[in-house]
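The structure appears below as structure tokens.
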Amino acid sequence: MEAGRQDNLFRAIEQMPKVELHVHLEGSIPSRTIERLAQRNSIDVAGLVINPETGRHRFGHLINFLDSYRLRCKCLREVEDFEEACVDVLENLHSQNVRYAEITIAPTMSRLYGISMETVMRGIDAGATRVAREKGIEARFIFDVGRQFGHEHAWQTVREALENQARGVIAVGLGGDELHYSPEIFVKQFEFARKEGLHVVAHAGEVVGSASVWGAVTSLGAERIGHGLGARADEQLLEYMRIHNIAVDMCPTSNVATGATRSYADHPLPDYLRRGLLITLNSDDPDMFGSSLTDEYKVSSEMLGLDWQEIKTLCLNGVRAGFLPDLYKKNLFDEFSEAFARIESETPPALNS
Ligand SMILES: [Zn+2]
């Protein structure tokens, strides 16, 4: 793309309102906040090596992703820690014009560190309420069931999700070690969650092939799949997801950073989108990957070759796939449409290719 047109597109991406559906609280907390909380709670974060060029935490060489993630979780201990973390994550999303976010929280990690869910959710709720009031960004929460922690922790997470619905918990999700634990192991817990009125999402097809995605969709009743890369060679599965409107929340930079895809060029997002699947764009663990949701949209243009129309589709798919009441969705659609029209009228028509 010629430079002037790309500048326009990037400016449009920065300005457009957005929805974020697949982002982990612990992996999004700005590094400066982690450092402040670590100091306050006397946690040694020397293992979180800072890359001197980017100022970001680095993993992969000296410390692996999960160790880094656990260390981040360990820094959160008191109600005010969770409140500050939630405020900083939401303010960061607000600065990117995110209007609505569904944020995944890992209750098992807090439980293992001896933190009660009352402490976690009092802080999160206070933070989310404050940012909603001051900035107008709304957040809901997804409780993540870590596969490797087994049945009892999964039951506990589902129960705690139900107990915290009034504080904005709307879904349970399946996460953790996809390689060694299939979705089918957790059928009972997710069936119970669905029956009690929670939505269901699942990380699947991130490091395992289509069997994992089939399991998440058919055994757990997942309404959205996180990543879904493993579905790419299974025409029947892709068609099943298209027909049943099962969203795929995709996170290209995360996939390249963790090696789930070889490169951006190898990423199936453009193919899925052009097949008519309900694809959303998300940032996963932005502070750990040195990225942001705005960056993901720029990547989707620059590295994945999407045009402005396709970028708008991804953006509106976030509204479509969100677990929101119909009236709220309609208001967001109206607001987004107005914003797109304004952006297009202020930017040279080359944008509208
Ligand atoms: Zn994720």
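The values are calculated or read from the model by the stated rules, or taken from the named source; none is laboratory data. Keep in mind that what you see is a predicted model, and the values were worked out from it rather than measured. Positions of Cβ are generated from backbone atoms using ideal geometry, with glycine treated the same way; all protein chains shown enter the neighbour counts.
Observations on the structure shown:
- Residue list for segment 323-338, restricted to those being among the hydrophobic types (A, V, I, L, M, F, W, C), part of a helix (DSSP H, G or I) and surrounded by 12 or more Cβ atoms within 10 Å (Cβ to Cβ): Leu332, Phe333, Phe336
- Of the criteria (1) in contact (Cβ under 8 Å) with a residue 40 or more places away in the chain; (2) in contact with a strand residue (DSSP E or B) (Cβ under 7 Å, 6 or more places away or on another chain), which one Asn164 fails: (2)
- Some residue of segment 246-266 being crowded, with 21+ Cβ neighbours inside 10 Å, small (Gly, Ala, Ser) and within 16 Å of Gly175 (Cα to Cα): yes
- Helices (runs of 4 or more DSSP H) contained in segment 1-96 and holding at least 1 residues at pLDDT 90 or above, more than 16 Å from the ligand (Cβ to nearest atom) and out of contact with any Gly (no Cβ under 7 Å at 6 or more places or on another chain): 3-15, 31-40, 65-74, 79-95
- Of Gly259, Gly318, Gly305, all but one fail to be small (Gly, Ala, Ser) and without any contact (Cβ under 8 Å) to a residue 24 or more places away in the chain; the exception is Gly259.
- Total residues in segment 275-310, condition β-branched (Val, Ile, Thr), closer than 17 Å to Phe333 by Cβ and surrounded by fewer than 22 Cβ atoms within 10 Å (Cβ to Cβ): 0
- Filtered by the rule that a residue be over 24 Å from Arg167 (Cα atoms) and either acidic (Asp, Glu) or in contact with an Asp or Glu (Cβ under 6 Å, 6 or more places away or on another chain) (or both), segment 137-152 gives Arg147, Gln148.
- Any chance Ser254 is of a type in the set (Ser, Thr, Tyr), free of Cβ contacts under 8 Å to residues at least 60 places away in the same chain and within 16 Å of the ligand (Cβ to nearest atom): yes
- Of all residues in segment 264-297 being at pLDDT below 95 and among the small types (Gly, Ala, Ser), the one that is nearest to the ligand (Cβ to nearest atom): Ser291
Conditions (1) in contact (Cβ under 8 Å) with a residue 24 or more places away in the chain; (2) more than 16 Å from Ala202 (Cα to Cα); (3) not β-branched (Val, Ile, Thr), marked per residue:
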{"position": "Gly127", "(1), (2), (3)": "yes, yes, yes"}
{"position": "Arg140", "(1), (2), (3)": "yes, yes, yes"}
{"position": "Ala154", "(1), (2), (3)": "yes, no, yes"}
{"position": "Val172", "(1), (2), (3)": "yes, no, no"}
{"position": "Tyr181", "(1), (2), (3)": "yes, no, yes"}
{"position": "Glu184", "(1), (2), (3)": "yes, no, yes"}
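- Checklist (1) within 16 Å of the ligand (Cβ to nearest atom); (2) over 26 Å from Ile29 (Cα atoms); (3) among the hydrophobic types (A, V, I, L, M, F, W, C) applied to Val248, failing item: (2)
- Long-range neighbours under 8 Å by Cβ, at least six apart or interchain, first residue part of a helix (DSSP H, G or I) within segment 103-114, second basic (Lys, Arg): Met109/Arg70
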